[in-house]
Amino acid sequence: MQISVFIVDAFTNQPFSGNPAAVCLLEEELEEGWHQKIATEMNLSETAFIRKLHPTDDFARSSCFGLRWFTPTNEVPLCGHATLASAALLFQKKKNRNSTLTFITLSGELHAREAGDHIILDLPLYSTYPQDFQEVEKLVKVAVGDMNVQDVCYSPDTKKLLVRLSDVYERSDLEKIRVNAQELMLAENTGKVKGLIVTLKGDFHGKHASYDFYSRYFAPWYGVPEDPVTGSAHAVLSSYWSQQLGKNEMCAFQCSARGGQLKILLRQDRRVDISGQTFIVLNGFLTI
C-alpha cells in the first residue's frame, strides 16, 4: 500500500522555517494502528491524516474531509499548523477550488479559506483563568528559572498553562530560555498540564514593533519538547492577549529557533481566525 505524503512548513513563506507538518492523503481507510506508527516514523511535532468521508469524494473537488493529528507519541485533539498545512496541500497541490474547506475533527468542524497568499483557519477560542502560582511554582521555575513572572493562567479546555514574563523583558530574553523537557515532565506528572506557553508582550518601540506579543511552546507530555509554531496555543494566547491589550486584531510571532508569524482576528461568535503562509518542501510516497 502506498500513501501520498508531503512535508509542509507552516506559518512561513520560506523553506526550513515555520513549523513542519507531515500530511498524508488517505485514498482508503487506514488500519487504526498505522496512524501512530507513521507519525512516529515521520518524527515531526505533528503528522496529519486527511481522509475521504465517502468513497466518491475527491481531493480536488470535494469540500469536506476528515482530519486527524498525531504527534510521535499521541493523537491530539487540535493542531493548528498541521491544519494549515493540510489546507495548503488541497488548495495548492490538488488545486481544490472550493472557497472554504471543512475538516471534521476531534475539535468539531474546522474551516479553512484562502485570502491572497495566506490561509485563514477558523478555530475555537479557549479562555484562560488565573492560576494559583504556588501550585505550579516548580514547573514555572523549571521553564523560566529566576525570571520575573507577571501572570500565570490556565486553560482547562486545552490543559495548557500560560506563563507571562514581566514587561521588562524583550524578545531576545525569551529566545534565550533553555528548557529541559525531562525536567518539565518530572515537575508536572499529574496530567493537569499537557502544554506550557511562555509569552511576552510585544515591544512597540523596537525593531520588531509590528508584533503584539511573542511566545514559545513546550509539550514534552505529547512527545514534543518544543513546538516551533503552534496554532492551538494561539487559540489560547488570542483570548488572553485580547483581554490584556483591548484588541481583537493582532499579529504574533512564535520565536522558536525556526520562528513563525501568525495573524489573529477574534470574532463575535467566540471563535478565532488564525492565518499564515505555507511552503511545501517535500512530496513522495510511504510504502506500508
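The values are calculated or read from the model by the stated rules, or taken from the named source; none is laboratory data. What you see is a predicted model; the values in this text were computed from it and never measured. Heads up, the Cβs are rebuilt from the backbone with ideal geometry, glycines too, and the neighbour counts pull from every protein chain shown.
Looking across PHE65, PHE11, PHE70, PHE49, one residue alone is on the phi > 0 side of the Ramachandran plot and crowded, with 21+ Cβ neighbours inside 10 Å. It is PHE11.
When the residues of region 221-246 are filtered to those that are among the aliphatic types (A, V, I, L, M) and in contact (Cβ under 8 Å) with a residue 60 or more places away in the chain, which remaining residue is nearest to GLY18 (Cα to Cα)? Ranking the candidates gives VAL229 first. When the helices (runs of 4 or more DSSP H) confined to region 71-190 are screened for residues that are among the small types (Gly, Ala, Ser) and closer than 23 Å to SER256 by Cα, those reaching at least 3 such residues are found at 80-88. When LEU44, LEU25 are checked against the criterion of being in a loop (DSSP other than H, G, I, E, B), of a type in the set (A, V, I, L, M), touching a residue at least 12 places away in the same chain (Cβ under 8 Å) and surrounded by fewer than 23 Cβ atoms within 10 Å (Cβ to Cβ), LEU44 stands alone in meeting it. Screening ALA112 with (1) buried (at least 17 other Cβ atoms within 10 Å of the Cβ); (2) farther than 28 Å from LEU84 by Cβ gives one miss only, at (2).
Kindly indicate whether any position in region 93-102 is surrounded by 15 or more Cβ atoms within 10 Å (Cβ to Cβ), modelled with pLDDT of 95 or more, under 24 Å from HIS54 (Cα atoms) and touching a helix residue (DSSP H, G or I) at 6+ places or on another chain (Cβ under 8 Å). Yes; the residues of region 93-102 include at least one that is surrounded by 15 or more Cβ atoms within 10 Å (Cβ to Cβ), modelled with pLDDT of 95 or more, under 24 Å from HIS54 (Cα atoms) and touching a helix residue (DSSP H, G or I) at 6+ places or on another chain (Cβ under 8 Å). For region 216-225, the criterion of being among the β-branched types (Val, Ile, Thr), under 20 Å from PHE11 (Cα atoms) and in the same structural domain as VAL142 (by TED's automatic domain parsing) is met by at least one residue.
Would it be correct to say that TYR211 is assigned to a loop (DSSP other than H, G, I, E, B), touching a strand residue (DSSP E or B) at 6+ places or on another chain (Cβ under 9 Å) and under 19 Å from LEU165 (Cα atoms)? Answer is yes for this residue.
Residues checked against (1) out of contact with any strand residue (DSSP E or B) (no Cβ under 9 Å at 6 or more places or on another chain); (2) farther than 23 Å from ASP9 by Cα:
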residue	(1), (2)
SER238	no, no
SER242	no, yes
PHE253	no, no
GLY259	no, no
ILE264	no, no
ASP269	yes, yes
SER275	no, no
LEU282	no, no
THR287	no, no
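Flag not set for THR83, criterion: assigned by TED's automatic domain parsing to the domain that holds ALA235, within 19 Å of GLU226 (Cα to Cα) and in contact (Cβ under 8 Å) with a residue 40 or more places away in the chain. Per the listing LEU196, LEU162, LEU200, the residue uniquely at pLDDT 95 or above, buried (at least 18 other Cβ atoms within 10 Å of the Cβ) and over 20 Å from CYS79 (Cα atoms) is LEU200. Among the numbered conditions (1) free of Cβ contacts under 8 Å to residues at least 12 places away in the same chain; (2) surrounded by 20 or more Cβ atoms within 10 Å (Cβ to Cβ), the only one that THR190 does not meet is (2).
Residues checked against (1) within 24 Å of PRO220 (Cβ to Cβ); (2) aromatic (Phe, Trp, Tyr); (3) not assigned by TED's automatic domain parsing to the domain that holds SER86:
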position	(1), (2), (3)
PHE6	no, yes, no
GLN14	no, no, no
CYS24	no, no, no
GLU27	no, no, no
GLU31	no, no, no
GLN36	yes, no, no
THR40	yes, no, no
ASN43	yes, no, no
ALA48	yes, no, no
